[in-house]
Amino acid sequence: MGLIRTFLRDHGYIHQSDLRKPSRRAYAAAKMNRLTDEWLTTATSIDHDIRSGLVAVRARARDLSQNNEFARAYLRAVKKNVIGSDGFKLQVKAIDYWDAKGKPQPDRMANDIIERAFASWSRPETATVTGKISLRKAEEIIVETAARDGESFVRLVRGQSINRYGFSLQLIEPDWIDEKMNEELRNGNIIRMGVEIDVWRKPVAYYVSTRNNTLDLYGSMIPTAPYVRIPASDIIHVFDPERADQTRGISWMSPAMLGLHNLKGYVGGAIINARAGANKLGFFRNPGQTAGASPIATEETDSSGNPIDNLEPGTFTDIGDKEFVGFDPKYPDQQFDPFVKSILRGISSGLGVSFSSLSNDLTEVNFSSIRAGLLEERESWKSLQSWFVESFLNRIYSEWLQMVLLTGAINLPAAKYEKFNRPVWTGRRWSWVKPLEEVKAFQEAVKSGFKSSTQVIAENGGDIEEMYRELAEEKQLAAELGLDLDYGAKDQGSSDTQTDPDDDDVIPAKNKGNGKGAVAKA
């Protein structure tokens, strides 16, 4: 090592004075001192971290979802924005042939047959084995379970005895895939937290605990042997991985759970304190009374034998009849609301939602701020929608299509499976605060060639073929009934001035004044 340093010094790579300088770490985050001594410096695998906290985090997340209003609001927002009130809409884009100009021509008849059959299968009596949950509701349960528990498991059940489509779904609680089951198999595979994976870490099978009917009577969820080995081809494991080697999922709420729990306790304590202050309680005590003695006349005692007195608003208890000691708590004070909002902002960041959406508080927002916040938040929802399509819906459709073609549930050739396996899913879309301005923006984008009509309609959750067909049918029906309706009329004129009640500026039309002697802003 000394020869290397001498060589570098002699050839001018390092200065002589540099050799006398003490070495410093390149990153401040790597320093070890009194301020960072509790900061972890050892790396662990993601599966190690999940296995050590999976059960506790899942149980606490469920408790928050049942008893914490903000956790409940977050899960409701996940369902509302990822799935929506109508669920995902299927559009099959099977191509019939390519014309002489190389343009694909859709097989509309086959697409309609498949879409109608899938809509019929999606009803509760056929979509799930219980006969009680539709596909739309199953989507809600799956995405909420993934957000709360970190993962969701769906078993694909096949067979002509199931229903006329030969296909159905079974939702499995994550508890029944036992995270305590870890084993190395003779064939080189390993079972990690109930999931068998090969050398490439590809899931091979899932070990589902057999439910004990006796324990079920009392609502217990204790996964244990014997296990049912279900091939990965029959299970959809829905979770959003954070790292490459991740085998199981962890609650999306985990970064914010401690804050949610502490905030709930803080607010609860403030409420109790406020109630006590509202009751205006007081006591009479004897200053010279022996410690531990109590003259309270009551038959109720706590676990230590101390007497318990029931307090009511406006009461004063005699505990010595000598000196009055008032009790008038002043908390919560004026700092309560700002403190709660500050904590909620951190929780909102951990959950990935805006503060106004989580708290339902719009007192401090204006048009510009809420617009920027909503745009950012909606991108997150769209990302989750794409993840849900990739991890669940595409697999469901391909498996369902294969079964209905093989069983003859729909009258289409099974040999053309690849042709028909072209699903396009449209998720929930959001209207803007000012829909008229949004429509005008879409019109300008289409006129300028920045977007096509197909893109605009798809972004708003529609299908251009269906929309144009509906418009044609409406026009035909209106003509039959002798109605003169205005379809697609050209703009006969526009207002010279557009105003935004939430903005301070008035935006005049091009080359025109604003009527106030002011110069229009660019």
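Identify the residue in region 342-360 that is in contact (Cβ under 8 Å) with a residue 24 or more places away in the chain and assigned to a loop (DSSP other than H, G, I, E, B) and, among all such residues, is surrounded by the most Cβ atoms within 10 Å (Cβ to Cβ).
Restricting to residues being in contact (Cβ under 8 Å) with a residue 24 or more places away in the chain and assigned to a loop (DSSP other than H, G, I, E, B), the top hit is V353.
Regarding V199, is this residue touching a helix residue (DSSP H, G or I) at 6+ places or on another chain (Cβ under 6 Å) and either closer than 30 Å to T407 by Cβ or open to solvent by 70 Å² or more (accessible area, probe 1.4 Å) (or both)?
no
Across region 32-48, what is the total count of residues that are closer than 15 Å to R192 by Cα and either hydroxyl-bearing (S, T, Y) or open to solvent by less than 70 Å² (accessible area, probe 1.4 Å) (or both)?
Our first condition is that a residue be closer than 15 Å to R192 by Cα; within region 32-48, this holds for 45-48.
Going one step further and asking which of them are either hydroxyl-bearing (S, T, Y) or open to solvent by less than 70 Å² (accessible area, probe 1.4 Å) (or both), we end up with 45-47.
The total comes to 3.
Among the residues of region 453-469, what is the count of those that are part of a helix (DSSP H, G or I) and either farther than 18 Å from P435 by Cα or modelled with pLDDT of 85 or more (or both)? Don't jump to the end; show me each part of the working.
Filtering region 453-469 for residues part of a helix (DSSP H, G or I) gives 453-459, 464-469.
Filter once more, so that each one left must be either farther than 18 Å from P435 by Cα or modelled with pLDDT of 85 or more (or both): 453-454, 464-469.
Residues meeting the conditions: 8.
Only one of F339, F388, F392 is assigned to a helix (DSSP H, G or I), open to solvent by 80 Å² or more (accessible area, probe 1.4 Å) and at pLDDT 70 or above. Can you tell me which? Break it down stepwise before answering.
Details: F388 fails: open to solvent by 80 Å² or more (accessible area, probe 1.4 Å); F392 fails: open to solvent by 80 Å² or more (accessible area, probe 1.4 Å).
Result of the check over F339, F388, F392: F339.
What do you reckon, is R192 free of Cβ contacts under 8 Å to residues at least 60 places away in the same chain and charged (D, E, K, R)?
Against the criterion (free of Cβ contacts under 8 Å to residues at least 60 places away in the same chain and charged (D, E, K, R)), R192 does not qualify.
For region 361-385, which residues satisfy the criterion of being touching a helix residue (DSSP H, G or I) at 6+ places or on another chain (Cβ under 6 Å), hydrophobic (A, V, I, L, M, F, W, C) and surrounded by 15 or more Cβ atoms within 10 Å (Cβ to Cβ)? Spell out how you get there, then give the answer.
Here is the first cut: in region 361-385, the ones touching a helix residue (DSSP H, G or I) at 6+ places or on another chain (Cβ under 6 Å) are 362, 365, 381, 384-385.
Now narrow it down to the ones that are hydrophobic (A, V, I, L, M, F, W, C): 362, 365, 381, 384.
Passing the criteria: V365, W381, L384.
If I filter region 470-493 for residues that are open to solvent by less than 60 Å² (accessible area, probe 1.4 Å), touching an Asp or Glu at 6+ places or on another chain (Cβ under 6 Å) and either in a loop (DSSP other than H, G, I, E, B) or at pLDDT 60 or above (or both), do I get at least one hit?
no
Sort out which residues of region 211-226 are open to solvent by less than 70 Å² (accessible area, probe 1.4 Å) and in contact with a Phe, Trp or Tyr (Cβ under 8 Å, 6 or more places away or on another chain), and write them in order of number.
Result: P223, single match.
Can you list residue pairs whose Cβ atoms sit under 6 Å apart, with the first residue in region 71-92 being at pLDDT 95 or above and the second being of a type in the set (F, W, Y) and open to solvent by 20 Å² or more (accessible area, probe 1.4 Å)? Count only pairs 6 or more apart in sequence or on different chains.
F88/W425
Which residue out of R116, R136 is within 25 Å of the chain's Cα centre (by Cα), closer than 25 Å to Y417 by Cα and either part of a loop (DSSP other than H, G, I, E, B) or not hydrophobic (A, V, I, L, M, F, W, C) (or both)? Working first, answer last.
Working: R116 fails: within 25 Å of the chain's Cα centre (by Cα).
Exactly one residue qualifies, and that residue is R136.
Do any residues in region 115-141 that are within 20 Å of N81 (Cα to Cα) and open to solvent by less than 20 Å² (accessible area, probe 1.4 Å) have Cβ atoms under 6 Å from those of residues that are among the aliphatic types (A, V, I, L, M) and at pLDDT 95 or above, where the two are at least six apart or on different chains, and which pairs are they?
Close Cβ pairs satisfying both conditions: L135/A127; E139/I83.
So which residues in region 419-452 are of a type in the set (A, V, I, L, M) and not in a loop (DSSP other than H, G, I, E, B), if there are any at all? Explain how you work it out, then say what you get.
Step one: of region 419-452, the residues of a type in the set (A, V, I, L, M) are 424, 433, 436, 439, 441, 445-446.
Correct list: V424, L436, V439, A441, A445, V446.
It is to be established whether one or more residues within region 158-165 are part of a strand (DSSP E or B), touching a residue at least 60 places away in the same chain (Cβ under 8 Å) and touching an Asp or Glu at 6+ places or on another chain (Cβ under 7 Å).
So far as region 158-165 goes, no, none of its residues is part of a strand (DSSP E or B), touching a residue at least 60 places away in the same chain (Cβ under 8 Å) and touching an Asp or Glu at 6+ places or on another chain (Cβ under 7 Å).
Being in a loop (DSSP other than H, G, I, E, B) and at negative phi is the filter here, so list the residues in region 66-102 that pass it.
In the first step, residues of region 66-102 are kept if they are in a loop (DSSP other than H, G, I, E, B); the result is 68, 84-88, 93-94, 99-102.
Of everything in region 66-102, those that are in a loop (DSSP other than H, G, I, E, B) and at negative phi turn out to be N68, S85, D86, F88, K93, A94, D99, A100, K101.
Within region 227-262, which residues are open to solvent by 30 Å² or more (accessible area, probe 1.4 Å), of a type in the set (G, A, S) and under 27 Å from S398 (Cβ atoms)?
S233, A244
The values are calculated or read from the model by the stated rules, or taken from the named source; none is laboratory data. Just so we're clear, the structure is a prediction, and the values are computed from it rather than from any experiment. Quick reminder, even Gly has a Cβ in these numbers, built from the backbone with ideal geometry, and neighbours come from all protein chains shown. Note: accessible area is taken over every heavy atom of the protein model, side chains too, but ligands, DNA and RNA are not part of it. Shrake-Rupley method; radii C 1.70, N 1.55, O 1.52, S 1.80 Å.
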